[in-house]
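Each remark here refers to the structure printed beneath this line.
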Amino acid sequence: MTGAVVIVVLGLLILGCIFYGVSIYNGLVTVKNNIDKSWSNVEVLLKQRHDELPKLVKVCERYMKHERETLERVIRARNFSESASTPEERGKADGMVAEALKSLFAVAERYPELKADEQFSHLQERISRLENEIADRRELYNESVNIYNIRIERIPDVFIARAMGFEKRPLWHAPASDLKDVEITFSS
Amino acid sequence: MEKVEKKEVFSLVVGPCERELSSLSPRAEEGGTGIDLFAVKQAVNGGSLKVVFQSREKERVRDARKLLEEKGIPAAVVSTGEMKEVRFLFPAFSWKEGGKEILFSDRTGKNVSFRKDEKVLVTLTSKDGMFVSRKKAARLLSAAGEEVSAGEVLSHVFIEGGFIGVFSLDEPKGIVVDTNRFDYSFLGEQRSLSRNVNARALFRKIIASFPAPVVDANFGPGALPSIGDGDLKPEKILRTFAYYSVFISRALRNGLLEKSDLPRVKTEGEGGEFYWVGKPGRAGKQRVAGESGEASSTSLSPPPVPPRSFRPRRIFLGLRPGIFDDFKRGWGLEGLPFILRVVLGPLSLVFIFLAYASRSPVLLAAGLASFSVVSFALSFILLKQKREVENVPTAKLRSLPMGLVEVTGRCRRKHFLVSPVSSIPCVYYSYVILERVYRTGKSRVVVREWGDSGPVPFILEDETGRVTVDPKNASIIGGRTQTFSGREKPSISPGGVFLGENVTVKENIIPEGEQLYVLGYASPARSLAEDREKKIRERIKNLKKNADKLKEFDEDGDGQIDSFEWEKARRAVEMEVLLEKDSGESEIVITRPPEGGVFIISDRSERGLVRKLAFRSALTFGLSIASAALAVFLITGIFARGGGP
């Protein structure tokens, strides 16, 4: 009688262990795919910003006759991001676009007529909102990577991760230019 | 003689009351009355007159009325014997205004007159016996305590071929107007082609002619305990409406007009000052929370789904049926395969129940074995939930991606919802009313009623944005539980619920402003395709009305649009819409994933939730093993003893 009970209990425990192992593996696959999905979500917003740039340049051209260099920088950055194929290149291009936009909006301060233009203010607002959303989505991407990296190193997941060849994934880092100290000078 | 008295039913009606019920203290000598707690709460905090108790024992109803009145709740008794007036229903066809009286005549020339200083009740209903006003009127009226003009309110009353009743509160007389069959010639030049406009004008005329009449627009299914859906059929509606009107006029005559704090609508120009009984547009199954006194201070719309409540008659093994619902909601039973959830799960409980009744080890073994399978599966569902909570990163609401998301933030109400017992603004509530019953020296706790708010959508907001959460089929984990008890003394809860003797109400709520964790599926509330479809339909409708535009498609110039030309016009509209850039952003809503899966709403932190789910998973796994072991032990025992069952 006791033997039968022990066999059933052991059988259930073994079955439980198998299911548990499968659930760990499935979980690892999910978190790995979450990373790719998070990055795709960043790219969706980058694409939206990318589509807004020509409209912005077109509006600015009407008022900023003497700022060709600034406008061309935006176009160059946009073209570069279009041709970027690797994640590193895309990251660099993204940094260039952000930098060019910063300069453009700073220069726009000198053109009151441009600032008063409804289309410009609408585009500026939309691009700023997209910038914020891109930053949020990058955070989300980093969190996805972090969850995955922790899981593949944690016991008991580590055994299955190693056996199945799951490898660490890199976090997104801001371009070095964005991390430089900002020089602020006050006019006397 | 005695038989006649036995047939008579006495109804206890309560009216609106502005008194702060939470300040009332229970008194030792008050006994239990058997009053429906939630009906009292509804009527007292809402604006309507409502039957809260019925009995053939006059004394019992009278005692109940005394008890409520001592608590400051306006109450009156109406007996079926007083309803004889309904037999003499007067269908009015025309109106005449004299110096001191108003004359209503029927088609045969018979008259019913009302003195202009007479107190009257004016009742309203639409042709299907339901609502008489638009939503906006209900909102205006919910603020009746503030400066709301009668004209403003009346402009929203929409009778739409319904009935108007006028019943005296001084004498047993009344008339009913079928607004489709009335002579509106008295309106003269103001007479309109629209029956609704005429009916509204008649209604204005009536209320302007009497000093502060009482207006009631609450007729509908369930307005009285005896009125059901079947009474709203065209052949029955007039008599049922008259019955309701007479009943309410009797309740007002029997003291409720003086005792109740009926909302008074102020006059402005034409119209007249009048009292409102409840809020128009309410009828039938009404929302407990929506009727709270707080309605007057909010502009939130009523919830899109009615609250759920159940009154179980029999208790299964001492378990309240609601426990299964709690399980489904809080323990992830929704995620179980259909066969386990619907067949094996209930079957295991039936086996255990039968084993309990018949003392059969075979049935017990069968019950335990099937329970073991269900709990084994459930442990992995819970493990999956735990893993999802751990695996999905927390997103900000401003940049919420579509698909499975995890978000945190404070909850805000999207619809008007207040917990029924504690009267706290909340986004979700559930309650159970328990009563200790004494029988043959023994006592046991039985469930009188249990229910919840149903899936009412709410808003979640963090520092970056907000999103709508539709909690349909969500696992709701946590919430604040509060217990209110009458114990040996009856009392009234802060929400105005009457707690009779030995009655305990347990309430679980997620109050507004609570920090919530939500794991669910984010998607636009409406799809782009639906939006386009709607736009196309609208444009085609407009095109049909625009003759000049249609001419552009009249290629053969015959002044007619044939099917070929119409098809071309339709395609042009479609193309126009498709080429348009979509403007604006559609609202995002978090729901249960369309293909099923994890949808959790909790007031716990992510870490706390993971711990809870891990514990539940381990517990169900342990239970599964223990019940399997016990089942095998019983079966082998049976075989060892007798060689078979």
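The values are calculated or read from the model by the stated rules, or taken from the named source; none is laboratory data. In this text the structure is predicted, and so the values were computed from the model without any measurement. Cβ: placed from backbone, ideal geometry, glycine included. Neighbour counts: every protein chain shown. Heavy atoms of the whole protein, side chains included, go into the accessibility calculation; ligands, DNA and RNA do not. Shrake-Rupley method; radii C 1.70, N 1.55, O 1.52, S 1.80 Å.
Normalised by 2.2 N^0.38 Å, with N the number of residues, the alpha-carbon radius of gyration of chain A equals 1.58. With each label modelled as a point 7 angstrom along the Cα→C-beta vector, the B:I339-B:K116 pair spans 8.1 nm.
On the stretch A:25-170, 52 percent of the accessible area sits on carbon and sulfur atoms, based on a 1.4 Å probe. Across 5 Å bins from 0, what is the distribution of all Cα-Cα pair distances for the stretch B:390-462, in whole percents? That works out to 3, 12, 15, 14, 12, 12, 10, 8, 5, 4, 3, 2, 0, in percent per bin. Put simply, the amide H of B:A212, placed in the peptide plane, has neighbours under 5 Å in B:E273, leaving out anything fewer than 5 places away on its chain. For B:F90, nonlocal amide neighbours, meaning residues 5 or more places apart or on other chains whose placed amide H falls under 5 Å from its own, are B:V176. Based on protein heavy atoms only, the stretch A:25-170 ends up with 55 Å² per residue of surface accessible to a 1.4 Å probe. Using θ = phi - 60° in the Karplus curve 6.51 cos²θ - 1.76 cosθ + 1.60, the 3J(HN,Hα) couplings for the stretch B:109-121 round to x, 6, 10, 10, 10, 10, 6, 6, 9, 7, 7, 10, 10 Hz; x is entered for Gly and Pro.
Pairwise Cα distances in the stretch A:71-146 exceed 14 Å for 70 percent of all pairs.
Strictly over 19 Å apart at the Cα level, which of B:K66/B:K506; B:K386/B:K612; B:K58/B:K259; A:K32/A:K168 would you flag in this model?
Working: B:K66/B:K506 27 Å; B:K386/B:K612 9 Å; B:K58/B:K259 21 Å; A:K32/A:K168 10 Å.
Violating the 19 Å limit, Cα to Cα: B:K66/B:K506; B:K58/B:K259.
May I ask for the angle, rounded to the nearest 10°, between helix A:68-83 and the longest principal axis of chain A, with both axes built from Cα atoms and the value confined to 0 to 90°? That helix lies at roughly 30 degrees to the long axis.
In the structure shown, the pairs A:K115/B:K535; B:K544/B:K568; B:K50/B:K119 are assessed against 24 Å; a Cα-Cα span above that value is assigned to A:K115/B:K535.
For the stretch B:618-627, the Karplus equation 6.51 cos²θ - 1.76 cosθ + 1.60, evaluated at θ = phi - 60°, returns couplings of 5, 4, 5, 5, x, 4, 4, 5, 4, 5 Hz by residue, with Gly and Pro reported as x.
Compute the FRET efficiency between A:H173 and A:V9 as 1/(1 + (r/R0)^6), taking r as their Cβ-Cβ distance and R0 = 45 Å, and round to the nearest 0.05.
Details: r = 51 Å, r/R0 = 1.14.
About 0.30, to the nearest 0.05.
Computed extension gain for B:N546 through B:F639, at 0.36 nm per residue and net of the alpha carbon distance, reaches 24.8 nm. With respect to chain A, whose longest principal axis is taken over its alpha-carbon atoms, helix A:87-108 is tilted by about 30°.
Dimensions of the stretch A:1-73 along the principal axes, based on C-alpha atoms and rounded to the nearest Å, stand at 95, 15, 9, largest first. Backbone geometry of the stretch A:125-135 corresponds, through the Karplus equation with coefficients 6.51, -1.76 and 1.60 at θ = phi - 60°, to 3J(HN,Hα) couplings of 5, 5, 5, 4, 5, 4, 4, 5, 5, 5, 4 Hz, x marking Gly and Pro. Contact order for chain A, expressed relative to its length and based on alpha carbon pairs under 8 Å spaced 6+ residues apart, stands at 29 percent. Relative contact order, whole percent, for the stretch B:180-261 stands at 13, derived from Cα pairs under 8 Å and 6 or more residues apart.
If you take the accessible area of A alone, add that of B alone, and subtract the area of the pair, what total do you get in Å², probe 1.4 Å, to the nearest 100?
On the way: alone 12710 and 32480 Å², together 42650 Å².
Answer for the A-B pair: about 2500 Å² buried.
Helix A:2-63 axis versus longest C-alpha principal axis of chain A: approximately 10°, rounded to the nearest ten.
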